[in-house]
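Shown next, in structure tokens, is the structure this report addresses.
We did not get these values from a lab; they are worked out from the coordinates using the rules stated. Values in this document were obtained by computation on a predicted structure and should not be read as measured data. Ideal geometry is used to build each Cβ from the backbone, glycine not excepted, and the neighbour counts take in all protein chains shown.
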Amino acid sequence: MRQFFVFARKEFYHIFRDKRTLLILFGMPIVQIVLFGFAITNEIKNAEIAVLDQSRDYYSNRLVQQLQAGSYFKIDQELQSHQAIEAAFKEGRIKMVVVIPPKFGESFFHLHKAQVQLLADAGDPNTATTLINYARAIIGNYQQELNGPQSMPLTINTTVRMQYNPALKSVFLFVPGVMTLILLLVSAMMTSITIAREKELGTMEILLVSPLPPAMIVTGKVVPYIVLSFINALVILGMGIWLFGMPIKGSIVLLLLECALFVLTSLGLGILISTVTDKQQTAMMASMMGLLMPTVLLSGFIFPVESMPLPLRLLSNIMPAKWFIIILKDIMLKGSGLREVWPQSLVLCGMTLLFVTISIRKFKIRLS
Amino acid sequence: MQPIVTKELTKKFGTFIATNAITFEVKEGEIFGFLGANGAGKTTAMRMLCGLLRPSSGEAKVAGFDVYKQADRIKQNIGYMSQRFSLYEDLKVKENIRFYGGIYGLSNNTIKEKTKQLLQKLQMEAEADQLVSALPLGWKQKLAFSVAILHDPSIVFLDEPTGGVDPVTRRQFWDLIYEAAGRGVTVFVTTHYMDEAEYCDRISIMVDGRIQALDTPRQLKAQFQAESMDDVFLKLARGK
Amino acid sequence: MKTPIVVQDVHKSFGKVKALHDISFTVNEGELFGLIGPDGAGKSTLFRILTTLLLADKGQATVNGLDVVKDYKAIRKIVGYMPGRFSLYQDLTVQENLDFFATIFNTTVAANYELIEEIYVQIAPFKDRPAGKLSGGMKQKLALCCALVHKPVVLFLDEPTTGVDPVSRKEFWEMLQRLRKKGIAILVSTPYMDEAMLCDRVALIQNGSLLEIDTPQHIIAQNNKPMWAVRAKRMYPLIQDLRSFPETESCYAFGEYLHLTLKHGEADLDKLHAYLQPKGHEEFSMHPIQAGIEDCFMELMKSEKV
């Protein structure tokens, strides 16, 4: 036990004396979450739009006012003809054009249906979709307002819906995603690199020749990273809660336990990588290309798994990250308990066991 | 004009003085041995002379160029070979020669001509298309030296060129050095083999950043009443 | 007491490269045994086989009576190993390195202090310095300390003095001499021929084969070819002239002299003088000498190639 303790302490020395490792360990998570949380959101603020109001009656006027009432849209131009639309888009500033056909109010009340055409610059499909959704929400709200006195006496509900910020949805998606990514990266990449470093330095030779059992070498190296990864998980969770207002509707204990489980899975992967690599650089490349890329692409973090072709959907099942993201979202957003997330947890347990078993089998007591 | 002239050349790293006011001259066509214990400041001095490191104070001219202002010109006029880095292991012998020839701006025809001569001289024609990694260490070192003087530099710097090489190849390597010196190339060499120190025309011995002795091997032995250079070295390094 | 090291017919290849070919030798109790040969001769491979890190393709080896394949766990408890490259944690201090290696071998620095004391006092002033910032000689001393800290029965030192300056090398060898007197068997490899004279027995290795195993004194005595040390003011022309002399067998630079052997020994001397006379070498001198270990190695290398 003393051996183990000394080994782990040595590993902490390595980590705390290497500024680069420290930076990756603690700087990266913060940068990433801020980056994803703030910079790369789909939130729209003061998007410049143009309006072509061919009706110019009381109701169309009010619709235009409604559009610019929130902080989402800023009406940049009032267009006079259809021909002007293309020119407006070409200027590049305008992201969307709202076209209100003639006799808007009249059609609405007499024909019970009025049309509004939304033209968006689909060069950036994400923004375009978001803009259209915002506009639709505003128009829908306006429509209810017009119907209001006849069907429902209160319109408060709609107002609440209006103020609900759809942008937060992306943060709710990103926090679990980034958390997964960071835990995977720190645990898997750092462990594989640190083991490869011993090989590169030649110290692995001495360790192997010493009476230390190989399992002790590996655990001694890995335990410090379990601790650090877990601290990392706490930091990210904290940032998610206090900076972005993520809810934790489920049990926090369960959430932390699941985090610990995922840290173990990632460490298992890291050890597995280290058994097949001899150089720090190879270990880094293997974790980056072999782990990070597929995780980002296939875990449902950025691209929804449901819309992938079948082979990719099947492939996504072997990504530990996919299961962990589901668990996180369910516990945090839906308030699920172990009763709901046990299948995913079981999958992670199984994967961990598999990685560790293979690693132990493959860990060489000799050099070749 | 002397190929290497230094005056009070000094390099400090913070408060640590790696090279402490060294003054010496190397003559044209001379084999100059640069000895010293690990950490005595040899590498630092050599890097300053090659224009890789800016001195803290003092003067130095290499091939007539100032180490402060004309580092670029120096690099064109010297060859450099170290024990650690010499050739690309994953390139073929021919490709390595081509590459280094190209770096120094030799024309294709010159490179072709020189490649032929070089391979002939080293008796390595059969290995021209082999990867360098497949060559024995001694061959690599000989090849690396020949490549380092491919562009006919007036001075060549050799940093422990023969470490770990077998005794026969080590001597063949020195034959190459002698031959280059015979053609007027100035050779500046560091080594841990004291018998190799004796092959040099003159040697300097550095202790703690200073040059403590500088003369021909014979004179040094006489001066320190030592039987071999090994003894001279021990007396100097231990006498601190 | 069991024989510290026994190696029998060991072969090892990496792909097509024969790293070791039919190696057999024995290291006795309290013996300082040198494995002398250039880089790439197969020294490190042999060390790794003996320290149970590699498996031989063929042949057997025992360390202190334990089989290197079957009893690898037991061997790992009783050997000290210093691999070829400097293998300590550069970012840990001297003291931390020592403590670490003591602990993984289940002991403490204090428990075997008497063994390492002499070396330890030399590095003690630097005990709070990171190992990476030590000079080459100091690093080697620290590495030796770490390899000794658990009082091994057999010590394996793979090129401990490569790249180390002559002063530190000399000190290092003095330490080894004293360790040997304490009964530890030491297998040490080196590319420096002059260090061979400091061993009890040496094996000369080249291209994976042993050329000779004997005491250095014996190896030298066996070589009874007459040899001369020759010098002149300008050495390079002298080498060229001597090499083109038809009766020259070998002519190599050795320090300030050339070592020369002739095909028919003394019988060729007159011819040589007649040949050199017109060349007009200044300050020419020539005297017979006893061949050294390096001469013998070169001689053996040559006969091996033929």
Before anything else, pin down the relative contact order of region C:224-290: Cα pairs under 8 Å, at least 6 apart, normalised by residue count, whole percent. 48
Label region C:224-290 by shape, choosing from rounded, prolate and oblate, from the square roots a ≥ b ≥ c of the eigenvalues of the Cα gyration tensor; if a/c is under 1.5 it is rounded, and otherwise prolate applies when a/b is larger than b/c, oblate when it is not. oblate
Say R0 is 41 Å: what FRET efficiency, to the nearest 0.05, do A:L338 and A:Q144 get from their beta-carbon distance? 0.50
Once you've got the GNM for chain C with C-alpha springs shorter than 10 Å, pick whichever of C:L46, C:L238, C:L142 has the biggest mean-square fluctuation. C:L238
In terms of the Cα gyration tensor, with a ≥ b ≥ c the square roots of its eigenvalues, is the protein assembly as shown rounded because a/c is under 1.5, prolate because a/b exceeds b/c, or oblate? prolate
Span-like helix ranges in chain A, DSSP H, alpha carbon extent 20 angstrom or more, Kyte mean at least 1.0: A:167-184, A:214-244, A:252-276
Of B:A222, C:F33, B:M194, which is farthest on the positive side of the dipole of the protein assembly as shown, counting Cα position, with +1 on Lys and Arg Cβ, -1 on Asp and Glu Cβ, and the Cα centre as origin? C:F33
Between B:T23 and C:A124, with labels modelled 7 Å along Cα→Cβ, what's the label distance in nm to one decimal, could you check? 4.3
In terms of the Cα gyration tensor, with a ≥ b ≥ c the square roots of its eigenvalues, is chain C rounded because a/c is under 1.5, prolate because a/b exceeds b/c, or oblate? prolate
Would you mind getting me the FRET efficiency between B:E227 and C:K16? Use the beta-carbon distance for r and R0 = 56 Å, nearest 0.05. 0.75
Of the candidates C:Y252, C:Y236, C:Y120, which one comes out as most mobile in a Gaussian network treatment of chain C with C-alpha springs shorter than 10 Å? C:Y236
Take chain B, connect every pair of alpha-carbon atoms lying under 10 Å apart with a spring to form a Gaussian network, then pick out the residue of B:F16, B:F34, B:F157 with the largest mean-square fluctuation. B:F16
Measure off 7 Å from each Cα along the Cα-to-Cβ vector at A:S71 and B:D129, then give the distance between these two points in nanometres to one decimal. 7.2
What do you get for the angle between helix B:229-238 and the principal long axis of chain B? Use alpha-carbon atoms, 0 to 90 degrees, nearest ten. 50
Nearest 10 degrees is fine. How inclined is helix C:113-123 to the longest principal axis of chain C, computing both from alpha carbons? 60
Reach of B:K11 by Cα under 14 Å, taken over aspartates and glutamates that are not fewer than 8 positions away in the same chain: B:E59, B:D208
Dipole-positive endmost among C:Y192, C:G265, C:L276 within chain C (Cβ charges, Cα centre): C:Y192
Quick one: work out the % antiparallel among DSSP beta bridges in chain A, nearest 5. 30
Mean Cα-pair separation over length for chain B, i.e. relative contact order, pairs under 8 Å, 6 or more apart, %: 26
If you take the charge dipole of region C:5-215 about its Cα centre, with +1 on Lys and Arg Cβ and -1 on Asp and Glu Cβ, which of C:A56, C:L176, C:I116 is farthest toward its positive end? C:A56
Within region B:4-238, the percent of DSSP beta bridges that are antiparallel, given to the nearest 5, stands at 55
Which of A:K199/C:K170; B:K114/B:K142; C:K73/C:K151; B:K142/C:K263 exceed 22 Å between C-alpha atoms? The answer is A:K199/C:K170; B:K142/C:K263
Grab the beta carbon distance between A:L346 and C:K70, set R0 = 60 Å, and tell me the FRET efficiency rounded to 0.05. 0.90
Dividing the mean separation of Cα pairs under 8 Å (6+ apart) by the residue count of chain A yields a relative contact order in percent of 18
In nm, to one decimal, how far is the modelled label at C:Q290 from the one at B:N109, with both set 7 Å along Cα→Cβ? 6.1
From DSSP H assignment alone, runs of 4+ in the protein assembly as shown each adding -39500 (n - 2.57), the sum over residues rounded to the nearest 500 puts [θ] at 222 nm at -14500 deg cm²/dmol
Run the numbers for A:F26 and A:L354: contour at 0.36 nm per residue of separation, minus the present Cα-Cα distance, in nm. 115.2 nm
Mind checking which lysines have their C-alpha under 17 Å from C:K279, skipping anything on the same chain fewer than 8 residues away? C:K233, C:K271
Relative to the longest principal Cα axis of chain B, at what angle does helix B:167-182 sit, 0 to 90 degrees, rounded to 10? 90
